[in-house]
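Visitor: Here it is: the structure, laid out below.
The values are calculated or read from the model by the stated rules, or taken from the named source; none is laboratory data. On a predicted model such as this, the values are computed, not experimentally measured, just so you know. Don't worry about glycine lacking a Cβ; one is built from the backbone with ideal geometry, like all the others, and counts go over all protein chains shown. These accessible areas exclude ligands, DNA and RNA; they are computed on the full protein's heavy atoms, side chains included. Shrake-Rupley method; radii C 1.70, N 1.55, O 1.52, S 1.80 Å.
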Amino acid sequence: MLFKRAALDRIAAGADDLAFRRWRRPTVKPGGTLHTAVGVLRVDAVDVVDPADLTDADARRAGYATRDDLLADVPGDADRDLYRVELHLEGADPRIALRETEPTAAELADITARLARLESRRGPWTREVLRLVADNPGTRAADLAERLGRQTPRFKADVRSLKALGLTESLEVGYRISPRGRHVLEQDKP
């Protein structure tokens with residue numbers, strides 16, 4: 001579930017606590033979390049709603065002036081169900097603190113094992129991606145993917161896997177390697 005930065009800022013400030021999407025089936029579930037640029041969002045409820053039942057008050061809780069403004073801007077195909085998602089900011093993204101910390105020997109061993117599991121299906125790729133990001137901070141994902149001869153969506157998914165381990169950081173455009181990611185790459189040097 002993607003959000004524009006302005007919507008995330010309103011959620012973080014406590015001004016908005018609803019989002020609406022059109023889906024075949026929900027991509028989030030109650031109790032789940034979303035890691036975003038403003039922190040971790042907790043999903044409190046996910047319900048199918050009839051657009052006719054929406055009010056201007058619902059729209060304001062989602063950052064819109066009116067119900068009509070909301071319905072005109074809801075992402076997704078109009079023939080899909082409309083979902084009302086209640087959410088709130090739960091706290092800071094733990095990956096931020098993680099990526100700044102120097103891993104202990106035990107943590108490095110765990111990261112190495114996790115990277116091996118990520119590579120178990122497709123062969124080695126994690127260090128290649130880490131080195132590419134380290135050498136090209138702020139470069140568009142599509143450009144990085146092209147350098148590896150890969151599809152952009154798959155490349156982005158791989159970088160997200162590395163980000164979950166605290167090894168990379170998303171920028172406004174592209175990525176950069178985190179201090180933790182640098183430690184992982186340094187361990188590979190002879």
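Visitor: Taking Arg180 and the conditions (1) of a type in the set (Lys, Arg); (2) modelled with pLDDT under 95; (3) open to solvent by 30 Å² or more (accessible area, probe 1.4 Å), which numbered condition does it fall short on, given that it satisfies the others?
Guide: Single failed check for Arg180: (3).
Visitor: To continue, here is another question. With respect to Ala72, is the statement that it is assigned to a strand (DSSP E or B), surrounded by fewer than 14 Cβ atoms within 10 Å (Cβ to Cβ) and of a type in the set (Gly, Ala, Ser) true?
Guide: On the way: assigned to a strand (DSSP E or B): no; surrounded by fewer than 14 Cβ atoms within 10 Å (Cβ to Cβ): yes; of a type in the set (Gly, Ala, Ser): yes.
So Ala72 fails the test.
Visitor: When only residues in segment 138-169 that are aliphatic (A, V, I, L, M) and without any contact (Cβ under 8 Å) to a residue 24 or more places away in the chain count, which is surrounded by the most Cβ atoms within 10 Å (Cβ to Cβ)? Write out each step before concluding.
Guide: First pass over segment 138-169, keeping only residues aliphatic (A, V, I, L, M): 141-142, 144-145, 148, 157, 159, 162, 164-165, 167.
Subset that is without any contact (Cβ under 8 Å) to a residue 24 or more places away in the chain: 142, 145, 148, 157.
Details: Ala142: 13, Ala145: 20, Leu148: 14, Ala157: 10.
Out of the qualifying residues, it is Ala145.
Visitor: Could you please tell me which pairs satisfy a Cβ distance under 9 Å, a separation of 6+ or placement on different chains, a first residue in segment 32-43 that is among the charged types (D, E, K, R), and a second residue that is in a strand (DSSP E or B) and open to solvent by less than 20 Å² (accessible area, probe 1.4 Å)?
Guide: Arg42/Leu87
Visitor: Follow-up question, since we're still on this one. Looking at Asp44, is it of a type in the set (D, E, K, R), over 26 Å from Gly174 (Cα atoms) and out of contact with any His (no Cβ under 7 Å at 6 or more places or on another chain)?
Guide: Working: of a type in the set (D, E, K, R): yes; over 26 Å from Gly174 (Cα atoms): yes; out of contact with any His (no Cβ under 7 Å at 6 or more places or on another chain): no.
No: the conditions fail for Asp44.
Visitor: Oh, and also: Within segment 22-31, count every residue that is touching a residue at least 24 places away in the same chain (Cβ under 8 Å) and not basic (Lys, Arg).
Guide: Within segment 22-31, residues that are touching a residue at least 24 places away in the same chain (Cβ under 8 Å) and not basic (Lys, Arg) number 4.
Visitor: Please work out which residue is farthest from the chain's Cα centre (by Cα), limiting yourself to segment 75-89 and to residues that are closer than 16 Å to Ala15 by Cβ and open to solvent by 40 Å² or more (accessible area, probe 1.4 Å).
Guide: Glu86
Visitor: Going through segment 1-28 one residue at a time, which ones are open to solvent by 50 Å² or more (accessible area, probe 1.4 Å) and assigned to a helix (DSSP H, G or I)?
Guide: Matches in segment 1-28: Arg5, Ala6, Asp9, Arg10.
Visitor: Could you grab me the full set of residues in segment 45-63 that are open to solvent by 60 Å² or more (accessible area, probe 1.4 Å) and either in contact with a Leu (Cβ under 6 Å, 6 or more places away or on another chain) or closer than 15 Å to Arg24 by Cβ (or both)?
Guide: Answer for segment 45-63, where residues must be open to solvent by 60 Å² or more (accessible area, probe 1.4 Å) and either in contact with a Leu (Cβ under 6 Å, 6 or more places away or on another chain) or closer than 15 Å to Arg24 by Cβ (or both): Val48, Arg61.
Visitor: Does segment 112-123 contain at least one residue that is modelled with pLDDT under 95, of a type in the set (Val, Ile, Thr) and closer than 24 Å to Leu41 by Cα?
Guide: no
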